Amino acid sequence: MRTVCALKSVEYGQPGIFRGHVSFSNPVLAPYSWPLCEVRGATPGPKLCVSAGVHVNEVAAIEAAVRLQKLFDPDHIRGTVSIIPLINQPALYKYSEYVCPIDEKNINFSFPGSSRGTFSDCLCDAIMSEWCIDADCYIDMHGGDLRERVSHFTIYQQTSDTSLNRLARQMAMCFDAELVVGLPTSHLSKPGRPPTGFAAKQRLALMSEAGSNGLLSEDAIEFHVEGVLNVARSLNILDTKMTEFRRARVSCNDYLWVTTPADGEFHATVEPGARVEKNQSVGTIRDFFGETIAEIVAPQAGWLLWRITQPSVPSGSSVLAIAVEEDQPTMAGP
Ligand SMILES: [Zn+2]
C-alpha cells in the first residue's frame with residue numbers, strides 16, 4: 001500500500017491527521033487511488049477502519065464518512081481511525097447501481113476476494129490484506145440505492161467462535177438500529193459481505209444500512225455517524241458517553257429475499273422496519289391496467305428489512321426482504 005499526502009496533512013503513520021490518497025500493490029488496481037483520511041492519536045490503541053461508497057448512490061453513507069473525518073481529534077483519541085469515503089472508484093460519476101463497472105461484480109458480495117481475480121476480487125483482497133490488515137474492526141456503511149428504501153439496520157456474521165460472535169454483536173448493537181442481523185454460518189461458505197469475508201478469517205467487520213433512493217437524508221447520515229462514534233467508544237478509542245438508543249435493535253438471525261412471481265408493478269403495503277406475520281400480505285403486483293396479478297405475502301414472520309421503490313419489476317426479482325427474529329426464550333408456563 002502506498003500513500004500520497006495532500007496539503008495540510010501529517011506524514012502517513014504519524015500522530016495527527018493524514019489526508020491523501022492510497023493505492024494498492026496489486027497491478028489490477030493500479031489505475032486507481034482512493035481518498036484516505038487517517039486520524040492517529042498520540043496514545044496507541046485500537047484501529048477502526050470505516051468506509052462507504054461500495055454502492056456509489058448510497059450517498060448518506062458517503063456523507064457520513066466525510067463528516068466522521070472531522071469528529072475524531074488526534075489530541076483526544078486512543079489509537080487510529082482510518083476512513084475511505086468512496087470504495088467503488090470506477091463507479092464514481094457513473095452512478096452504477098450495485099456493481100463495479102469494470103467487472104460488473106457487486107463488491108459487496110465479493111469478500112474476502114482474491115489477489116488473482118477480477119478488479120472487485122482484487123479490491124476486496126486489498127481492503128482486507130493491506131488497508132485493514134491491522135484493524136480491530138472494519139465498518140462498511142450502506143443504504144438506499146436509487147430504487148430501494150431500507151430500514152435502519154446493522155449486519156454482523158455469526159461463526160463457530162462464540163467470543164467473536166459476542167464482540168461482533170456488541171459492536172452491531174452500537175448503532176441505533178431497528179434491526180440487528182447476525183448472518184447464519186451458512187454464509188461463510190461463499191463470497192459475501194465484509195462481515196462474512198472478515199469472519200471467515202476470524203476477524204471483525206460490520207455493515208450499517210440506512211437511507212433511501214440515493215438521497216442525503218439527515219436521519220440516515222446521523223444513524224451512521226452516531227453508530228461509528230459508539231463503536232469507537234466501545235473500542236475505547238473515544239472516552240465520551242454512548243448516545244441514547246431510540247430504536248428497538250431487534251436481534252435477528254437470518255433474512256429472506258422475497259421475489260415476484262410475475263412481471264408487473266409492485267405496490268408495497270408495509271414499510272421497512274415494520275413487523276409482519278407469516279402469510280400477511282405485504283404488497284401486490286399489478287399490470288398497467290391497474291389489475292392485481294399477484295399478491296406478495298410474507299413467507300415467514302419477521303421485520304421488513306428493505307423494499308424496492310421503483311415499482312416496475314420482472315418476474316423472479318426481489319421486491320423486499322424480511323429479517324427473521326431470533327428465537328425468543330420459551331416462557332415458563334404455570
Ligand atoms: Zn449498499
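The values are calculated or read from the model by the stated rules, or taken from the named source; none is laboratory data. If you're wondering where the values come from, they're calculated on a predicted model, not measured in any experiment. In this analysis, Cβ positions are derived from the backbone assuming ideal geometry, glycine residues included, and neighbour counts consider all displayed protein chains. Heavy atoms of the whole protein, side chains included, go into the accessibility calculation; ligands, DNA and RNA do not. Shrake-Rupley method; radii C 1.70, N 1.55, O 1.52, S 1.80 Å.
Selection of the range 55-69 for residues being in a helix (DSSP H, G or I) and in contact with a His (Cβ under 6 Å, 6 or more places away or on another chain) yields ALA61, ALA64. Applying the condition of being in a loop (DSSP other than H, G, I, E, B), of a type in the set (D, E, K, R) and in contact with a Leu (Cβ under 8 Å, 6 or more places away or on another chain) to the range 244-286 and asking which residue is nearest to HIS224 (Cα to Cα) yields ARG249.
For the range 70-120, filtered to residues that are within 16 Å of the ligand (Cβ to nearest atom), aliphatic (A, V, I, L, M) and free of Cβ contacts under 8 Å to residues at least 60 places away in the same chain, the residue that is surrounded by the most Cβ atoms within 10 Å (Cβ to Cβ) is ILE107.
Checked against (1) surrounded by fewer than 23 Cβ atoms within 10 Å (Cβ to Cβ); (2) more than 16 Å from the ligand (Cβ to nearest atom), CYS49 passes all but condition (1).
Collect the residues in the range 70-85 that are over 24 Å from ALA126 (Cβ atoms) and part of a strand (DSSP E or B), keeping them in residue-number order.
Our first condition is that a residue be over 24 Å from ALA126 (Cβ atoms); within the range 70-85, this holds for 70-71, 73-78.
Within the range 70-85, ARG78 is the sole residue that qualifies.
Residues that are closer than 27 Å to TYR95 by Cα, part of a strand (DSSP E or B) and open to solvent by 10 Å² or more (accessible area, probe 1.4 Å): does the range 200-209 have at least one? Looking through the range 200-209, at least one residue is closer than 27 Å to TYR95 by Cα, part of a strand (DSSP E or B) and open to solvent by 10 Å² or more (accessible area, probe 1.4 Å). Find the residue count for the range 56-91, including only residues that are more than 30 Å from LYS105 (Cα to Cα) and either outside the structural domain of PHE18 (by TED's automatic domain parsing) or not aromatic (Phe, Trp, Tyr) (or both). Counting residues in the range 56-91 that are more than 30 Å from LYS105 (Cα to Cα) and either outside the structural domain of PHE18 (by TED's automatic domain parsing) or not aromatic (Phe, Trp, Tyr) (or both) gives 10.
For (1) buried (at least 24 other Cβ atoms within 10 Å of the Cβ); (2) within 25 Å of ALA268 (Cα to Cα); (3) at pLDDT 95 or above; (4) more than 15 Å from the ligand (Cβ to nearest atom), each residue gets a yes or a no:
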| residue | (1), (2), (3), (4) |
| --- | --- |
| ILE139 | yes, no, yes, no |
| HIS142 | yes, yes, yes, no |
| ARG149 | no, yes, yes, no |
| THR162 | no, no, yes, yes |
| ARG166 | no, no, yes, yes |
| ARG169 | no, no, yes, yes |
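Scanning the range 229-252 turns up no residue that is acidic (Asp, Glu) and assigned by TED's automatic domain parsing to the domain that holds ILE62. Does ASN236 count as at pLDDT 95 or above, open to solvent by less than 80 Å² (accessible area, probe 1.4 Å) and on the phi > 0 side of the Ramachandran plot? Criteria not met by ASN236. List every residue pair whose Cβ atoms lie under 8 Å apart, where the two residues are 6 or more positions apart in sequence or sit on different chains, the first residue falls within the range 26-44 and is in a loop (DSSP other than H, G, I, E, B), and the second residue, located anywhere, is among the acidic types (Asp, Glu) and open to solvent by 10 Å² or more (accessible area, probe 1.4 Å). Note: pairs meeting the criteria are ASN26/ASP125; GLY41/ASP75; ALA42/ASP75.
Give me the residue from the range 4-19 that is over 12 Å from ILE83 (Cβ atoms) and in a strand (DSSP E or B) and, out of that set, most open to solvent (accessible area, probe 1.4 Å).
Once the filter is applied, the top-ranked residue is VAL4.
Anything in the range 179-199 that is under 20 Å from VAL250 (Cα atoms) and buried (at least 21 other Cβ atoms within 10 Å of the Cβ)? List them, or say none. Steps first, please.
Here is the first cut: in the range 179-199, the residues under 20 Å from VAL250 (Cα atoms) are 179-185, 195.
Within the range 179-199, LEU179, VAL180, VAL181, GLY182, LEU183, PRO195 meet the criteria.
Scanning the range 278-306 for residues that are open to solvent by 60 Å² or more (accessible area, probe 1.4 Å) and within 15 Å of VAL250 (Cβ to Cβ) yields a total of 1.
Screening the range 198-220 for residues that are away from the ligand (no atom under 15 Å from the Cβ) and not charged (D, E, K, R) and picking the one that is nearest to GLU97 (Cα to Cα) gives LEU216.
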